[in-house]
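The values are calculated or read from the model by the stated rules, or taken from the named source; none is laboratory data. Because the structure is a prediction, the values reported are computed rather than measured. Positions of Cβ are backbone-derived with ideal geometry, glycine not excepted, and every protein chain shown enters the neighbour counts. Heads up: the accessible areas ignore ligands, DNA and RNA and are worked out on the full protein's heavy atoms, side chains in. Shrake-Rupley method; radii C 1.70, N 1.55, O 1.52, S 1.80 Å.
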Amino acid sequence: MKSDTNVKLPLAFIIYALIALVVAQAILFFNNDLLLAGQFRLPDIWMGAHFLLLGYAVMIAMGAMYQLVPVAFLTPIWSQKLGYIQFIITAIGVTLFAILLGVQPDNAIYGGILAIIGIIMFIIQMVQTILKQKNKNMMTYFVLGAITSFFLTIVAGFLLAWNISYGGIGSHNTILASHIVLGVAGWFTLLIFGFSYKLVPMFSLSHGFSMKWAKPAFFTYIIGLILLISSFWLDFMFLETSGWLVLFIGFSFFVLDIKEILAKRIKKKLDKPFTFSLLAIGNGLAIHLIAVLLKVTGVDHPTIWSWLIFLYVMGWIIFSILGYLYKIVPFLWWTHKYSNKIGKEKVPTLKEMINEKVSVVLFVLFTVSVIGLTLGALFQIGAVVFIFQGLLALTSLAYAVSIVRVLFV
Amino acid sequence: MSLEKKVGAALFEVIDPELGINIMDLGLIYGIGVDIEDNVEIKMTLTTPGCPMHDSITNGVKHRVSQIEEVGNVHVDMVWDPAWNPGKMSDKAKGMLGFG
């Protein structure tokens, strides 16, 4: 079974996303004074955050799913034509929405509506594709859970944008908190969990593992999400602490499976970009644990929680994607360019299409930037925030160039 | 050299692009059959069902074997039973992966 998806479709999403990554980091760099002040709920930061999460992370996730869903679920994409239309609408919508959030928040809803139409088209596309899968497995449920969370995230996001434009909806902060949890923990985490069950064994050539914790991980994480979101609406502290604790337990179950998969791997020397994605899993576990400890010890300072959310997004979600993309793009391009030449002439291996040494330097720079930026902000040292957000923006640019280079091999 | 052996030797040149190891050393080839008209039937597997390189490797096998002069038609029979396991790899492949 090969992915029948035309390479142009996932690549369109990925190239847009790489541009959005650089734009997002540049916006955050030019607003590093706001980052230092812990002022995240301001138009310029909204713009940077939405370029990062919608423009980069969501668009990468969409592009990767157009490629991976047919491979992992052994079923072709429902309608590739819809995929191209969906790409154009989503790209215009996300760009307009993020820019309007920064320059005219009152009108952001118009960009938001376009982005939502694009996202709903994507959800229809994926649900129709996945429903055709003959033998459903745990991966299917992780992806369906992620897509459901994604839908609820955009519903909450729409209500927020509506409120900014027209007002009239109470519970703005509660909807905002639900929007963030559903988006980062529901959509991205469940999606990364699901695809990791396919990608980690594939990239480590693992055999004979059980995946016995997949079902407990899925249900526990979903229960954690429900508890945490309920705590916002019921304003019940115990429920919030319980929610984080259950999310941590769910994440731990996932880690147990990944540990077993890696223990049973045949490829002992793993590729460096893939190792970086595995490191992100460790980051994710640590961040969940820190959240539990902060809640248990009653630390509720908004700045600390803002930066913990930043670490959740960068250290777990973005780092996972950065690593996997170094595997996904060479695979896409290799299939497009060399698939019909194998056996006829010498073709490069996937590893020969990337510069692994450069990737190591980039991943070290990403890690140093995120640690430096967080420490600079927590200790309120302006020069440190300036330097490390600048380094993060430059590293993002170098990373985007290194990925695009693959297309010229 | 018999045609079976020629085909086997040619398959050492088909490289799995993800692992950088040829499919013979990986133990992906279960059997090579040749009929009286020199049509070749290759029974093979992949390291995992749903491998994204499925079509690429299958076509690579067909292309390479078709380049042998005497060969008539080439048919690849992809099977999942018995499933591939690490024990099917040669010592060379194991060494390249740092396994065992």
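Taking the criterion of being of a type outside the set (S, T, N, Q), part of a helix (DSSP H, G or I) and open to solvent by less than 50 Å² (accessible area, probe 1.4 Å), the residues of the range A:205-224 that qualify are A:Ala214, A:Pro216, A:Ala217, A:Phe218, A:Tyr221, A:Ile222, A:Gly224.
Against the conditions (1) under 30 Å from A:Leu176 (Cα atoms); (2) over 17 Å from the mean Cα position of the chain (by Cα); (3) at pLDDT 95 or above, where does A:Phe193 fall short? Just the number, please. Every condition holds for A:Phe193 apart from (2).
I'm trying to understand the selection: among the residues of the range A:347-395, which are within 14 Å of chain B (Cβ to nearest Cβ), touching a helix residue (DSSP H, G or I) at 6+ places or on another chain (Cβ under 6 Å) and not hydrophobic (A, V, I, L, M, F, W, C)? Within the range A:347-395, just A:Glu356 meets the criteria. If the condition is being in contact with an Asp or Glu (Cβ under 7 Å, 6 or more places away or on another chain) and within 13 Å of chain A (Cβ to nearest Cβ), then the range B:91-100 contributes only B:Ala93. The single condition from (1) open to solvent by 20 Å² or more (accessible area, probe 1.4 Å); (2) under 30 Å from A:Val384 (Cβ atoms) that A:Ala12 fails is (2).
Taking the criterion of being crowded, with 20+ Cβ neighbours inside 10 Å, of a type in the set (Gly, Ala, Ser) and more than 30 Å from B:Phe99 (Cα to Cα), would at least one residue in the range A:315-323 satisfy it? It would help to see each step written out before you state the result.
Quick first cut of the range A:315-323, residues crowded, with 20+ Cβ neighbours inside 10 Å only: A:315-323.
Add one more test, that the residue is of a type in the set (Gly, Ala, Ser), and what stays is A:315, A:320, A:323.
Right, trim to more than 30 Å from B:Phe99 (Cα to Cα) and you get A:315.
Looking through the range A:315-323, at least one residue is crowded, with 20+ Cβ neighbours inside 10 Å, of a type in the set (Gly, Ala, Ser) and more than 30 Å from B:Phe99 (Cα to Cα).
So which residues in the range A:287-300 are part of a helix (DSSP H, G or I), surrounded by fewer than 18 Cβ atoms within 10 Å (Cβ to Cβ) and touching a Leu at 6+ places or on another chain (Cβ under 9 Å)? Of everything in the range A:287-300, those that are part of a helix (DSSP H, G or I), surrounded by fewer than 18 Cβ atoms within 10 Å (Cβ to Cβ) and touching a Leu at 6+ places or on another chain (Cβ under 9 Å) turn out to be A:Ile290, A:Leu294, A:Val296.
Residue-wise test of (1) within 14 Å of chain B (Cβ to nearest Cβ); (2) among the basic types (Lys, Arg); (3) free of Cβ contacts under 8 Å to residues at least 24 places away in the same chain; (4) on the phi > 0 side of the Ramachandran plot.
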position: A:Asp235; (1), (2), (3), (4): no, no, yes, yes
position: A:Trp244; (1), (2), (3), (4): no, no, no, no
position: A:Asn283; (1), (2), (3), (4): no, no, no, no
position: A:Ile317; (1), (2), (3), (4): no, no, no, no
position: A:Val329; (1), (2), (3), (4): yes, no, no, no
position: A:Glu345; (1), (2), (3), (4): yes, no, yes, no
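Pick out the one residue from B:Glu13, B:Glu4 that is at pLDDT below 95, assigned to a loop (DSSP other than H, G, I, E, B), touching a strand residue (DSSP E or B) at 6+ places or on another chain (Cβ under 9 Å) and not aliphatic (A, V, I, L, M).
B:Glu13
Does A:Ile45 fit the bill of being modelled with pLDDT of 90 or more and under 15 Å from the mean Cα position of the chain (by Cα)? For A:Ile45, the condition - modelled with pLDDT of 90 or more and under 15 Å from the mean Cα position of the chain (by Cα) - is not met.
Only a single item in (1) under 18 Å from the mean Cα position of the chain (by Cα); (2) among the hydroxyl-bearing types (Ser, Thr, Tyr); (3) farther than 22 Å from A:Phe13 by Cβ is not met by A:Tyr110, and it is number (1).
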